[in-house]
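Colleague: Sharing a structure below in structure tokens format, with a few things to ask.
Just so it is clear, none of the values below were taken in a lab; they were calculated from the coordinates. These figures come from a predicted structure and were not determined experimentally. Cβ coordinates were reconstructed from backbone atoms using ideal geometry, including for glycine residues, and neighbour counts include every protein chain displayed.
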Amino acid sequence: MSNMLEIKDLHVKVEDKEILKGVNLTIPKGETHAIMGRNGSGKSTLSYVMAGKEGYEITKGEILLDGENILELEPNERAVKGLFLAFQYPIEIPGVATMTFLKAAMNAQRKARGEEELLTPDFMREVKSAAKMLEIDSAMLKRALNVGFSGGEKKRAEILQMALLKPKMCVFDETDSGLDIDALKIVSQGVNALRDANRSMLIITHYQRLLNYIVPDVVHVFSNGKIVKSGDKSLALELEKHGYAQYDEST
């Protein structure tokens, strides 16, 4: 089995303070992994660095997506290579219709891959199919992107983007934040529907409850800027019960 994502000895500074202190992580093709850690442990910094967000100084290490070091690529180039990041707080974009955004994103990706742009009828068919799976009504699709959306609607819109862009590596950063149980179930159903042998997923979370719905193959404990323990899904239950204190002194 080949590896979809390999993070090797990644060290990252923010304003001269080291936040990531040697992250090592391997996710094989088709697997779903979870990173759990207390707030401030650096786990969200990892997703920002993967996305190519500015303000992070990479002092050592590499991130390989399907064998290619993406740290040398611009954020949009990383997306074209198949990386998708779902963030805790999706931004609102007034004046940009959700459908316009989705079509532009899909066609930009297709163009970069040397494929023909989607014709409107084909695009509509794909959107309707994906929206039905996520229980997104057509009225939501007619609004400006994320403007006036509830937390659950923003997350569903983000999972819809994922369903349409068909990435090979999906990263969810605290995607359960602010969701009620019904929205959590629907978002989880959408994520689970997209799991397959050629797509890998990384779920970054503080709470175990999300992992009741999206059951990971492997759970990693993140503490003090790196992964300090890995195990199966029972590790998440142990963390919920005993907390992170036992890992705080890990170096």
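Colleague: Mind ordering 126-135, 75-84 by average Cβ neighbours within 10 Å, highest first? Could the numbers behind the result be given before it?
Modeller: Working: 126-135: 16.0, 75-84: 18.4.
Descending mean neighbour count gives 75-84, 126-135.
Colleague: Starting from the exponent 0.38 and prefactor 2.2 Å, build the expected Rg for region 17-69 from its residue count and divide its actual Cα Rg by it. Spell out each step's value before the answer.
Modeller: Numbers: Rg = 11.9 Å, N = 53, 2.2 N^0.38 = 9.9 Å.
This ratio for region 17-69 stands at 1.19.
Colleague: Which of these, Ile27, Ile19, Ile58, has the largest mean-square fluctuation under a Gaussian network model of the chain (Cα springs below 10 Å)?
Modeller: Of Ile27, Ile19, Ile58, the Gaussian network model singles out Ile58 as fluctuating most.
Colleague: Let me ask something else about it. Can you figure out the FRET efficiency of Glu77 with Ser150, using R₀ = 30 Å and their beta-carbon distance, to the nearest 0.05? Walk me through the numbers on the way to the answer.
Modeller: Values: r = 32 Å, r/R0 = 1.08.
Here the calculated transfer efficiency is 0.40.
Colleague: Run lengths n ≥ 4 of DSSP H only: what is the helix-derived mean residue ellipticity at 222 nm for the chain, with -39500 (n - 2.57) per run over all residues, to the nearest 500? Don't skip to the end; give the middle numbers.
Modeller: Details: 9 runs with 89 residues, N = 251.
Helix contribution divided over all residues of the chain: -10500 deg cm²/dmol.
Colleague: Could you state the number of Å between the C-alpha centres of region 152-223 and region 11-90?
Modeller: A separation of 17 Å, based on Cα centres.
Colleague: At a threshold of 8 angstrom on Cα-Cα distance, excluding pairs fewer than six apart, so keeping six or more, what relative contact order does the chain reach in percent?
Modeller: 28 percent
Colleague: Based on the Cβ-Cβ distance from Asp180 to Asp232, what FRET efficiency comes out when R0 is 30 Å, to the nearest 0.05? Provide the component values of the computation, followed by the final result.
Modeller: On the way: r = 28 Å, r/R0 = 0.94.
Efficiency at R0 = 30 Å is approximately 0.60.
Colleague: Once you treat every alpha carbon in region 95-152 as an equal point and sum by Debye, what is log10 I(q)/I(0) at q = 0.28 Å⁻¹?
Modeller: For region 95-152 at q = 0.28 Å⁻¹, log10 I(q)/I(0) is -1.20.
Colleague: What percentage of all Cα-Cα pairs in the chain are separated by more than 22 Å?
Modeller: 55 percent
Colleague: Please give the helix 98-112 orientation as an angle from the longest Cα principal axis of the chain, in degrees from 0 to 90, rounded to the nearest 10.
Modeller: 70 degrees
Colleague: Now, a different point. Please compute the net charge surrounding Asp217, taking Lys and Arg as +1 and Asp and Glu as -1 over other residues with Cβ under 14 Å from its Cβ.
Modeller: Working: positive: Lys29, Arg195, Arg199, Lys233; negative: Glu31, Asp196, Asp232.
Every neighbour counted, the sum reads +1.
Colleague: Residues with amide H under 5 Å of Leu85's amide H, sequence separation 5 or more or different chain, H placed in the peptide plane at 1.01 Å from N; which?
Modeller: Result for Leu85 returns Val171.
Colleague: For region 1-110, I need the span (max minus min coordinate) of the C-alpha atoms along each principal axis, in Å, sorted largest to smallest.
Modeller: Between the extreme Cα coordinates on each principal axis of region 1-110 lie 41, 36, 26 Å.
Colleague: Would you mind checking the tilt of helix 120-133 against the longest principal axis of the Cα atoms of the chain, expressed as 0 to 90 degrees and rounded to 10?
Modeller: The angle comes out at about 50 degrees.
Colleague: On a straight-distance basis, which lysines could pair with Lys241 in a cross-link, Cα separation under 27 angstrom, same-chain partners fewer than 8 positions away excluded?
Modeller: Within reach: Lys21, Lys43, Lys185, Lys226, Lys229, Lys233.
Colleague: Between Glu240 and Leu119, what length in nm is gained on full extension when 0.36 nm per residue of separation is reduced by their alpha carbon distance?
Modeller: Gain on extension, Glu240 to Leu119, equals 38.8 nm.
Colleague: Now a separate question. Please name whichever of Ile227, Leu25, His206 sits farthest to the positive end of the charge dipole of region 3-247, dipole taken about the Cα centre and charges placed at Cβ: Lys and Arg +1, Asp and Glu -1.
Modeller: Result: His206, furthest along the dipole toward the positive end.
Colleague: For the peptides 43-50, 101-108, what is the packing order when you average, over each peptide's residues, the other Cβ atoms within 10 Å and list the highest mean first? Show your work: numbers first, answer last.
Modeller: On the way: 43-50: 22.5, 101-108: 16.5.
Output ranking for 43-50, 101-108: 43-50, 101-108.
Colleague: Something else: How long is the gain from Phe101 to Tyr213 if the chain were fully straight, where each residue apart is worth 0.36 nm and the alpha carbon distance is subtracted?
Modeller: Working: separation 112, 0.36 × 112 = 40.32 nm, distance 2.89 nm.
Taking Phe101 through Tyr213 to full extension adds about 37.4 nm, to one decimal.
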